[in-house]
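Undergrad: Got a structure for you, questions after.
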Amino acid sequence: MIAEAVRLYVQSLCSYRVLSVLLERRLGVGVGRTTLNRWVDRLGGLAKTPLEVSSELRPAWGGILGVDGKVIWAAGRQWALLVGVDHPTQDLVHAVVVPWETPEAFVKLVSEAVRDGSYPLRGIVSDLRIGFWRAWEDNFARVPLQACRVHFDRRLESDIPKNKRSPKAPIAAEFKARLRAILYAPTEEEAASLLHSLQRDRERYRGLGRTNPLRSIERFFALYTAFHRHPELPADNNVTENVIKQLGKKLRLMEGFANVDSAERFLRLLIGCYRFKRFTDSANGHNGKSPLELAGVDLSRMDWLTYLLEESS
C-alpha cells in the first residue's frame with residue numbers, strides 16, 4: 001500500500017491532499033498528508049540515485065551532455081538542481097543539488113557522470129553561466145563545448161527591452177536582428193562575415209542595452225559556432241530544458257522541501273520515474289519509448305519503483 005501510494009504521488013500531478021482523498025475512496029481508510037509525506041521521504045531514502053541507476057544499467061548514450069539548472073526551494077531558501085542530460089536520448093544521466101550554479105558544481109556534475117557513471121563524454125552543451133566556460137576550459141577542453149544560442153537569444157530581450165515609445169526602438173530592433181542573424185547563420189563563414197559587418201557599425205549601436213551583447217559574441221564566437229565545426233553538437237540546449245520542464249511539472253506543485261536531504265530523496269524518485277516513463281507527445285519521433293529505452297536498456301520486465309528500491313547489484 002505504501003509503495004502504491006508513493007507511485008501514485010510521484011507519477012501524477014496530484015497533491016498530498018488529493019491523494020489522501022483518492023486513497024480513502026480506494027481503501028476506506030484515511031491517510032493524512034503528513035503520513036504520505038513520510039512515506040515518500042522514506043522510500044526516497046531507499047531508492048537508487050540517478051548516478052547509481054546510470055552505473056548499473058549502463059545505457060548506450062550518445063555522449064553529448066547537456067548541462068542546465070533549475071531553482072528549487074529547501075529549508076526556506078533557493079537551491080539549484082543541476083542536471084546532465086544525454087543528447088539525443090534525453091536520458092537524465094546525473095543530477096546534483098547545490099547552493100548555487102557555480103563552476104565547481106559544473107565540474108562536479110560532469111566529472112561524476114564520467115567517472116562514476118561511465119558516461120562517454122564527446123561534447124558538452126551549456127549556457128555560458130558565470131565561470132562555466134572557464135570550468136570547461138580547465139577540465140574538459142578535450143571535448144568541444146557548444147554555448148547555447150537560445151539562452152543568448154532570450155537574454156537579448158532583457159538586455160535590450162522592447163520599448164515601442166522610445167526613439168531608439170527601431171535601431172534597437174535592428175541591432176537585435178543583426179545579432180540573431182550571426183547566431184542562426186547557416187555556416188560559420190557567414191556568421192563570421194555578419195559579425196565583421198556588425199563590428200564595423202559598432203558606433204551606431206553604442207549605449208543600447210544594459211550589457212554589451214556584441215562584446216559577448218566577439219569573446220565567445222568560437223563557442224557559439226562550435227556546432228558548425230562539430231556536427232554532432234546541437235546548437236542549443238533545448239533537450240535539457242525540456243527534461244527540466246518535465247520535472248518542473250511536479251516540482252511546481254510542491255511547496256518546497258523541509259531540507260536539502262528530503263529534496264534529494266524525492267528527486268531520486270522523480271528522476272527515476274522520468275527515465276522509465278515512455279514518451280507520448282514527443283516531437284522527435286520518440287513516442288512509445290522511454291529515455292532509458294532510447295539508450296538501449298531493455299525495460300520490458302522492469303518496473304521503475306520496484307527497480308529503484310531493489311538493492312544495488
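The values are calculated or read from the model by the stated rules, or taken from the named source; none is laboratory data. Predicted, not measured: the structure shown is a model, and the values here were computed from it. Methodologically, a virtual Cβ is constructed for each residue, glycine included, from the backbone with ideal geometry; neighbour enumeration extends over all protein chains shown. The area values use the complete protein model at the heavy-atom level, side chains included, leaving out ligands, DNA and RNA. Shrake-Rupley method; radii C 1.70, N 1.55, O 1.52, S 1.80 Å.
Undergrad: Evaluate the charge dipole of region 10-85 about its Cα centre and quote only its size in Debye, nearest 20, assuming +1 on the Cβ of each Lys and Arg and -1 on the Cβ of each Asp and Glu. The partial results should precede the final answer.
TA: Values: 10 positive and 5 negative charges, 65 e Å.
Computed about the Cα centre, the dipole is about 320 debye.
Undergrad: Using the alpha-carbon atoms, what tilt in degrees (0 to 90, nearest 10) does helix 2-11 show relative to the longest principal axis of the chain?
TA: Relative to the chain, helix 2-11 is tipped by roughly 20 degrees.
Undergrad: State the Cα centre-to-centre distance between region 117-138 and region 80-96 in whole Å.
TA: With region 117-138 and region 80-96 each reduced to a Cα centre, they are spaced 12 Å.
Undergrad: Please give every one of the lysines within straight-line cross-link reach of residue 168, meaning a C-alpha to C-alpha distance under 30 Å, and leave out same-chain neighbours fewer than 8 residues apart.
TA: Those lysines meeting the cut-off are 176.
Undergrad: At 25 °C and a viscosity of 0.890 mPa s, what translational diffusion coefficient does Stokes-Einstein give for region 69-208, taking Rh as the Kirkwood radius over Cα pairs? Give it in µm²/s as a whole number. Show your work: numbers first, answer last.
TA: On the way: Rh = 17.7 Å.
Stokes-Einstein gives a translational diffusion coefficient of 139 µm²/s.
Undergrad: Using amide H atoms built in the peptide plane, which far-off residues or other-chain residues are under 5 Å from residue 72 H to H?
TA: Those lying under 5 Å, H to H, from residue 72 are 79, 80, 81.
Undergrad: Given springs between every Cα pair under 10 Å in a Gaussian network model of the chain, which of 49, 34, 89 has the largest fluctuation?
TA: 34
Undergrad: Sequence gap at least 6, Cα distance under 8 Å: using those rules, report the relative contact order of the chain to the nearest whole percent.
TA: Working: 457 pairs, mean separation 75.7, N = 313.
Dividing the mean separation by the residue count of the chain yields 24 percent.
Undergrad: Whole number please: convex hull volume per residue, Cα atoms of region 174-313, in Å³.
TA: Working: hull volume 28.8 nm³, N = 140.
About 205 Å³ per residue, rounded to a whole number.
Undergrad: Considering only protein heavy atoms, with the full assembly of protein chains and a 1.4 angstrom probe, order 122, 275 by accessible area, largest first. Present the calculation step by step, with values, prior to reporting the outcome.
TA: Values: 122 120, 275 0 Å².
Result of the area sort, largest leading: 122, 275.
Undergrad: Starting from the amide H of residue 91, placed 1.01 Å from N in the peptide plane, find each other amide H under 5 Å away whose residue is 5 or more places distant or on another chain.
TA: Those qualifying (amide H under 5 Å, at least 5 residues apart or on another chain) are 86.
Undergrad: Along the charge dipole of region 110-245, which of 114, 208, 235 sits closest to the positive end, that is, farthest toward it, with unit charges on the beta carbon of Lys, Arg, Asp and Glu (+1, +1, -1, -1)?
TA: My answer, from the dipole projection, is 208.
Undergrad: What distance in nm separates the simple spin-label points at residue 78 and residue 249, each placed 7 Å from Cα in the Cβ direction?
TA: Here the modelled spin labels are 2.5 nm apart.
Undergrad: Also, I was wondering about something else. Taking the chain as a Gaussian network, where each spring joins two C-alpha atoms under 10 Å apart, which residue of 76, 45, 84 fluctuates the most?
TA: Of 76, 45, 84, the most mobile in the Gaussian network model is 76.
Undergrad: How much length, in nm to one decimal, is gained on full extension between residue 13 and residue 188, taken as 0.36 nm per residue of separation minus their Cα-Cα distance? Kindly include the intermediate steps, with their values, before the conclusion.
TA: Working: separation 175, 0.36 × 175 = 63.00 nm, distance 4.40 nm.
Gain in length upon complete extension: 58.6 nm.
Undergrad: Another question about this same structure. What is the gain in length, in nm to one decimal, between residue 4 and residue 218 on full extension, counting 0.36 nm per residue of separation less the C-alpha to C-alpha distance? Write down the numbers at each step before the final one.
TA: On the way: separation 214, 0.36 × 214 = 77.04 nm, distance 5.45 nm.
Gain on stretching residue 4 to residue 218: 71.6 nm.
Undergrad: Something else: In whole Å, what is the distance between the alpha-carbon centres of region 157-175 and region 228-281?
TA: 34
Undergrad: Same structure, new question: Karplus couplings for region 174-184 from phi (6.51 cos²θ - 1.76 cosθ + 1.60, θ = phi - 60°), rounded to Hz, Gly and Pro as x?
TA: 5, 4, 5, 5, 6, 5, 5, 4, 5, 4, 9
Undergrad: Same structure again: Can you run the Rg to Rh ratio on region 103-172? Use alpha carbon positions and the Kirkwood inverse-distance Rh. It would help to have the intermediate numbers written out before the result.
TA: On the way: Rg = 17.3 Å, Rh = 14.3 Å.
Taking Rg over the Kirkwood Rh, I get 1.21.
Undergrad: Restricting the count to DSSP beta bridges whose residues both fall in the chain, what percent are antiparallel, rounded to a multiple of 5? The partial results should precede the final answer.
TA: On the way: 17 of 25 bridges.
The antiparallel fraction comes to roughly 70 percent.
Undergrad: Now a separate question. So how much slack lies between residue 277 and residue 180, counting 0.36 nm per residue of separation and subtracting their Cα-Cα distance, in nm? Intermediate results must be reported in sequence, preceding the final value.
TA: Numbers: separation 97, 0.36 × 97 = 34.92 nm, distance 3.61 nm.
That pair, residue 277 and residue 180, stretches by 31.3 nm at full extension.
Undergrad: Right, next: May I ask you to derive the FRET efficiency for residue 203 and residue 158 from their Cβ-Cβ distance with R0 = 22 Å, giving the value to the nearest 0.05? Intermediate values should be presented prior to the final figure.
TA: On the way: r = 24 Å, r/R0 = 1.08.
E between residue 203 and residue 158, to the nearest 0.05, is 0.40.
Undergrad: Return the sequence-ordered ³J(HN,Hα) values of region 103-109 in whole Hz as given by the Karplus equation 6.51 cos²θ - 1.76 cosθ + 1.60 applied to θ = phi - 60°, using x for Gly and Pro.
TA: x, 4, 5, 4, 5, 4, 4
Undergrad: Going Cα to Cα from residue 249, which lysines come in below 27 Å? Please leave out same-chain ones fewer than 8 positions away.
TA: 48, 70, 108, 277, 289
Undergrad: Could you tell me how many degrees, from 0 to 90 and to the nearest 10, lie between the Cα long axis of helix 260-276 and the main elongation axis, the longest principal axis, of the Cα atoms of the chain?
TA: The helix 260-276 is inclined about 90 degrees to the chain.
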